[in-house]
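Nothing in this text is a laboratory measurement; each read-out follows from the coordinates by a stated rule. All figures in this text were calculated on a predicted structure; none of them were measured in a lab. Methodologically, a virtual Cβ is constructed for each residue, glycine included, from the backbone with ideal geometry; neighbour enumeration extends over all protein chains shown.
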Amino acid sequence: MTLFFFISVIVGMTYIFLYFVLNFDLKKKKLEIEEKKLDLEKRKLELNEESQELEEEML
């Protein structure tokens, strides 16, 4: 009976550990995605500015 409780505690602690690891990894991936979105927005703005400059030069 004590072996059953011991194994149950180990399994429970494993699940808790996995929850925190996966939660941390998910937050990390969300931050990476946000950084990529910001980088894309910066590129879009730069391209828009360049295209506007080219249009002004052509006129």
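Observations on the structure shown:
- Secondary-structure-derived ellipticity at 222 nm for the chain, considering helices only, amounts to -36500 deg cm²/dmol, per-run term -39500 (n - 2.57) for DSSP H runs with n ≥ 4.
- Think of each Lys and Arg Cβ as +1 and each Asp and Glu Cβ as -1; about the Cα centre, that makes the dipole of the chain roughly 980 debye.
- The angle between the Cα long axis of helix 2-58 and the longest principal axis of the Cα atoms of the chain comes to about 0 degrees, rounded to the nearest 10.
- Here the gap between SER51 and ILE10, fully extended at 0.36 nm per residue and compared with their Cα-Cα distance, gives a gain of 8.6 nm.
- Extent along principal axes [Cα atoms of the chain; Å; largest to smallest]: 87, 8, 5
- Projecting the Cα positions of THR14, MET1, LEU54 onto the charge dipole of the chain (unit charges on Cβ atoms of Lys, Arg, Asp and Glu, taken about the Cα centre) puts MET1 furthest along the positive direction.
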